[in-house]
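Have a look at the structure below, then the notes.
The values are calculated or read from the model by the stated rules, or taken from the named source; none is laboratory data. The structure presented is a predicted model; accordingly, all values stated were derived computationally and were not measured. Don't worry about glycine lacking a Cβ; one is built from the backbone with ideal geometry, like all the others, and counts go over all protein chains shown.
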């Protein structure tokens, strides 16, 4: 008993000298290496013993009389580590055995659902249904992952754009004059098939978009707008006679559907009876006493200030009216479908039409405004007819190159592609006359304004 007590006292003394109460750390100056290092005898112990290598840990545990406290703590940590790993492996084996016991064959599941062993057709349907459900579950999981992280869509678009650019670059290289880049017959045939297929698909896409806008003055505008822009659909009132027009546009193919809200009846708002611009602060400043002329919209008047029995004249500048009667409607053409991770107002056409300034020179008389609209309409009609006849009817017919030497320049050009020496020249001339007679500008404008337009909010939709 006395020997064991003496051994414990010696261990306690060693612990006070070289154990946990040793606060001085030894700095390692030797470089790090993958080889196992031996403990340097006589050096004070470092408390961060978990950073030791396996060889150092093994030597500390095998010689506990040198570093008793470190050996005890390190042995406890290693024992806990081994026990924790054993418990985790045992728990996993138990879980796997339970799952294996619970697993049933498809036939057992079919029988548990109310089937029988002799029903082969029902068992096949049951297995097919299980496979479809599993495949649908995988698709929904993948779709949920994609929707949770929208970066996948952007990455896919970038990859497609890069691949398309690479293919176009290779195609341009093949079409160049280099002998090494000459296209083979197989490549020419593939290019021809791709071109024709692209033409076919583009036509089908355009016809699909075109057929979407064939309605005329039909449909509830509030209901259509509720599916596009619910925040503004509630603002449409029956008394304003609002209509929604749809058009095709955009800078790329396939085209984008744009919409705009029109009002047939006058709308009374703040800008109709107050000319001020409430979006900016009041712009007024003291008048300048220089001889510089006032700018348009800035008026200066004289006021008299009484001080006692004396009157002083002062020039005071009134409020700046340069921004009066100028307002932005913010009702341009907006796209129906926005791009991924992009706002609807980010479209270039929407920005250009939203910031368009209203027509200047607004006259108070309705008669004068009607005359101005009629003048603008006649001007547009004149430009339309000039362009039509200059590029279509009044262009000279092309002549063959082999007859250029025989014919002289004094021969008048042909205005119509009608051969009068032919026996059927009367039918061709009649067809040309009917085509020219159908060129009615007013009818064309009415047809254009009525296309893709919904009914008004005050119309009877029943």
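Assuming residue 231 fulfils every condition listed in (1) in contact with a helix residue (DSSP H, G or I) (Cβ under 7 Å, 6 or more places away or on another chain); (2) more than 30 Å from residue 169 (Cα to Cα); (3) assigned to a helix (DSSP H, G or I) apart from one, which condition is it?
If we test residue 231 against (1) in contact with a helix residue (DSSP H, G or I) (Cβ under 7 Å, 6 or more places away or on another chain); (2) more than 30 Å from residue 169 (Cα to Cα); (3) assigned to a helix (DSSP H, G or I), just (1) comes out false.
Return the residues of the range 189-221 that are at pLDDT below 85, over 15 Å from residue 255 (Cα atoms) and either loosely packed, with under 12 Cβ neighbours inside 10 Å or touching a strand residue (DSSP E or B) at 6+ places or on another chain (Cβ under 9 Å) (or both); say none if nothing qualifies.
214, 215, 216, 217, 218, 219, 221
Yes/no per residue for (1) in contact with a strand residue (DSSP E or B) (Cβ under 7 Å, 6 or more places away or on another chain); (2) at pLDDT 50 or above; (3) within 30 Å of residue 377 (Cα to Cα):
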position: 402; (1), (2), (3): no, no, no
position: 408; (1), (2), (3): no, no, no
position: 413; (1), (2), (3): no, no, no
position: 419; (1), (2), (3): no, yes, no
position: 433; (1), (2), (3): no, yes, yes
position: 444; (1), (2), (3): no, yes, yes
position: 447; (1), (2), (3): no, yes, yes
